[in-house]
Amino acid sequence: MTTGILSLQGNFLDHARSLELINKEYTLVKQLSDIKHIDSLILPGGESTSMIKIQSNNELFNKLKILIQDGIPTIGTCAGLILLAKDVIDGEVALGVLDCVVERNAYGRQNESFEGLVNFIDNTQMYCFIRAPKILKTGNKVKNIAFIDDEVVGVQHNNIAGFTFHPELTNDKNYLSWLKFFIEEGKNVRSF
Ligand code: GLN
């Protein structure tokens, strides 16, 4: 079995590198036939509006939504989180499976991108925020798993995790061991 990485646009190859570092197989998902054997899923950063447009004439997102709701471990970073969110300010709802409200480009334009010290599972690490969204609100079953000071920058609801930043650009030990655990064990947590 293999982790599908949505590869319509954006930094999907960085996620491929993270999976190589933990010796996990992956499949680049560009069309429906690529999702046959996947048992976990990563939605990369990039431009959520472009990703939505690129797949708008086919069934890819509908089928991915079914797999996610069926419980496969699913991770979204930045634009990937926007695709997962149930509510999007200044953007479109795509998969709508993660109970949170996100605001696109909430820190401003590209040159307001920054590096920030993030607390993620008891570890503090510098990560990149690239034209990042903000998580404005979360449902009461959603766990907050990453913070900059008091601001929530990562959330998880059972088999679905989303980050406003890019841990795959840092690939620190803490992230890679969380990633390995999550794609191996996340499927044991069914959310629907
Ligand atoms: N600004 C992008 C969007 O709205 C997200 C940026 C990113 O993925 N780094 O989709």
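Every number here is computed from the coordinates shown, using simple stated rules; none is lab data. The shown structure was predicted, so the numbers you read here are calculated from the model rather than taken from an experiment. Methodologically, a virtual Cβ is constructed for each residue, glycine included, from the backbone with ideal geometry; neighbour enumeration extends over all protein chains shown.
One quarter of the convex hull surface built on the alpha carbon atoms of segment 118-192 amounts to 5.3 nm², the projected area averaged over directions. Each label was represented as a point 7 Å from its Cα along the Cα-to-Cβ direction; for residue 117 and residue 58 these points are 4.5 nm apart. Under a model in which nothing but the beta-carbon of Lys, Arg (+1) and Asp, Glu (-1) is charged, the chain shows a dipole of about 420 debye around its Cα centre. Structural descriptor for the chain: relative contact order 20 percent, calculated from alpha carbon pairs under 8 angstrom and at least 6 residues apart. Expressed as a fraction of 2.2 N^0.38 Å, the value expected for a compact globular protein of N residues, the C-alpha radius of gyration of segment 6-49 is 1.13. Using the alpha carbons alone, the radius of gyration of segment 1-152 stands to its Kirkwood radius in an Rg to Rh ratio of 0.95.
With neighbours defined as other Cβ atoms within 10 Å of a residue's Cβ, the residues 152, 102 order from fewest to most as 152, 102.
Computing FRET efficiency as 1/(1 + (r/R0)^6) for residue 173 and residue 151, where r is the C-beta to C-beta distance and R0 is 22 Å, gives about 0.35. Of the peptides 135-146, 64-75, 4-15, the order by per-residue mean of other Cβ atoms within 10 Å, starting with the highest, comes out as 4-15, 64-75, 135-146.
Residue order for 59, 168, 47, fewest other beta carbons within 10 angstrom first, comes to 59, 47, 168. Compactness ratio for segment 54-119: Cα radius of gyration over 2.2 N^0.38 Å (N = residue count) comes to 1.26. As a proxy for reagent exposure, ranking 78, 128 by other Cβ atoms within 10 Å from fewest up yields 128, 78.
On a C-alpha basis, how far is the centre of segment 136-190 from the centre of segment 17-59 in Å? Whole number, if you could? So the separation of the two Cα centres works out to 18 Å.
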